[in-house]
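Okay, so here's the structure we're looking at.
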Amino acid sequence: MMGDDLVLDVRDLRMRYGTNDVLKGVNFHACRGEVLALLGPNGAGKTTTIEILEGFRMRSAGEVSVLGVDPAHADEAWRARLGVVLQSWRDHGKWRVRDLLAHIGSFYEPYQKPWDTDELVEAVGLTEHARKRVMSLSGGQRRRLDVAVGIVGRPDLLFLDEPTVGFDPAARREFHDLVHRLSDDEDTTILLTTHDLAEAEKLADRILILAGGRVIADGSADQLSLQMSTESEVKWTLHGQRYVHATTEATKFVHDLFKQHGDDIGDLEVRRGSLEDTYMAMVVAFESGQAEREFVEVTR
């Protein structure tokens, strides 16, 4: 799915602050309705990348197309097609929830058809709090309002920065349902940054891992796991004794186990490597390799 469906197209993106190269040739794309998670350790360049895509920061080099436009030369009509949910957002605490969303929605009307205010309040789970002042909301309720502000204009592209910080498990599940609804029903493309790897695994169609100013991995959680061959943990009981074994070839190990012990095997459990395991393995492998290269360059 490319061509008219291409929402993000980033080629050889570079960013330098003084003598420090933060982005060293970043390449990726995203299509309409796709949920893309951007992961990486602190200092990897995630925030810089997002700010360039949003048009808030000028790049040093490379080509960037967002909704078919170079963000460095975008206009108000283009900005109205974006939604942004930051980690924190300031507003006037005396606004009532519904009134605030209706007011912000009115700014989109020359360019986009915004959400119906009552539908939006219901979508983010704030119906019971619609007449409350913002200052009286709990942290979780306030975060729901942040999300509502980000999507009020029915964006074609939505940036989510740590969107579920402060959510309890029920609120997080409801938010995940909303993300799926936006991508499936609204055809919204979503770029998600999060430190919650389980959330990324659940929400994202594709995952990008950024390290050292480069994309070091691009694929689904399953595809990335296969690339790294991360260890699985096999647990079983034999003659009343519990055993645990780590292996990169779980299927072969279990086959050999049953071939040797047959029906004496009980309580078999296989825990395959998670996205967190894959992420850590990739980042550690990259950083170790980079440290080796830097050592070689310094000692030449």
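Remarks
- Net lengthening on full extension, Glu276/Arg131 (0.36 nm per residue, minus Cα-Cα): 48.1 nm
- Segment His239-Val284, length gained on full extension (0.36 nm per residue, minus Cα span): 12.3 nm
- In order along the range 152-159, phi translates into HN-Hα couplings of 4, x, 6, x, 7, 9, 10, 9 Hz, rounded to whole numbers, per the Karplus curve 6.51 cos²θ - 1.76 cosθ + 1.60 with θ = phi - 60° and x for Gly and Pro.
- All other residues whose Cβ lies under 10 angstrom from that of Lys202 are scored, Lys and Arg at +1 and Asp and Glu at -1, for a net of -1.
- The simple spin-label model puts a point 7 Å past each Cα toward its Cβ; for His176 and Phe107 those points are separated by 3.2 nm.
- Cα-based helix-to-principal-axis angle, 97-106 vs the chain, degrees rounded to 10: 70
- Cross-link partners of Lys235 among lysines (Cα-Cα below 18 Å; sequence separation of 8 or more within a chain): Lys252, Lys259
- The length gained on full extension between Ile265 and Asp222, counted as 0.36 nm times the residue separation minus their Cα-Cα distance, comes to 12.7 nm.
- Residue with peak Gaussian network fluctuation, the chain [Cα springs, cutoff 10 Å], from Leu182, Leu137, Leu101: Leu137
- Summed side-chain charge close to Leu178 - residues other than Leu178 whose Cβ falls under 14 Å, Lys, Arg +1, Asp, Glu -1: -2
- Placed amide H near Gln112: partners under 5 Å, 5+ positions off or other chain: none
- Gap separating the Cα centres of the range 223-274 and the range 33-111, nearest whole Å: 45
- Prolate/oblate/rounded call for the range 93-187, Cα gyration tensor, a/c under 1.5 rounded: oblate
- Comparing Glu54, Glu34, Glu269 in a Gaussian network model of the chain where C-alpha atoms under 10 Å apart are linked, the largest mean-square fluctuation is found at Glu269.
- Counting only alpha carbon atoms, the long axis of helix 250-261 and the longest principal axis of the chain meet at about 30°.
- Label-point separation in nm, Phe56 to Asn42, each point 7 Å along Cα→Cβ: 1.9
- Remark on Val22: its backbone amide H falls under 5 Å from those of Met15, Arg16, Tyr17, a criterion applied only to residues 5 or more positions apart or on other chains, H modelled at 1.01 Å from N.
- Relative contact order of the chain: 20 percent, from C-alpha pairs under 8 Å at least 6 residues apart in sequence.
- Within the chain, helix-based [θ] at 222 nm, where runs of 4 or more DSSP H residues each add -39,500 (n - 2.57), nearest 500: -11000 deg cm²/dmol
- Using θ = phi - 60° and Karplus 6.51 cos²θ - 1.76 cosθ + 1.60, couplings along the range 39-50 (whole Hz; Gly, Pro as x): 10, x, x, 4, x, 6, x, 4, 4, 4, 4, 4
- Straight-distance crosslink candidates among lysines, where the alpha carbon sits under 21 Å from Lys46 and sequence neighbours closer than 8 are dropped: Lys24, Lys202
- Helix 275-299 and the long axis of the chain differ in direction by around 90°, with both axes built from C-alpha atoms.
- Structure-derived Cα extents along the principal axes in Å - corresponding label in (1) 74, 51, 39; (2) 53, 48, 45; (3) 71, 57, 36: (3)
- Sites Asp75 and Glu186 - FRET efficiency at Förster radius 25 Å, r taken between beta-carbons, to 0.05: 0.60
- In loop segments of the range 108-184 as defined by DSSP, the trypsin sites (Lys or Arg not before Pro) with at most 11 further C-beta atoms inside 10 Å of their C-beta are Arg131.
No lab work stands behind these numbers, since they all come straight from the coordinates. Only a predicted model underlies this, so the values are computations on that prediction, with no experimental measurement involved. Cβ atoms come from the backbone with ideal geometry, glycine included; neighbour counts cover every protein chain shown.
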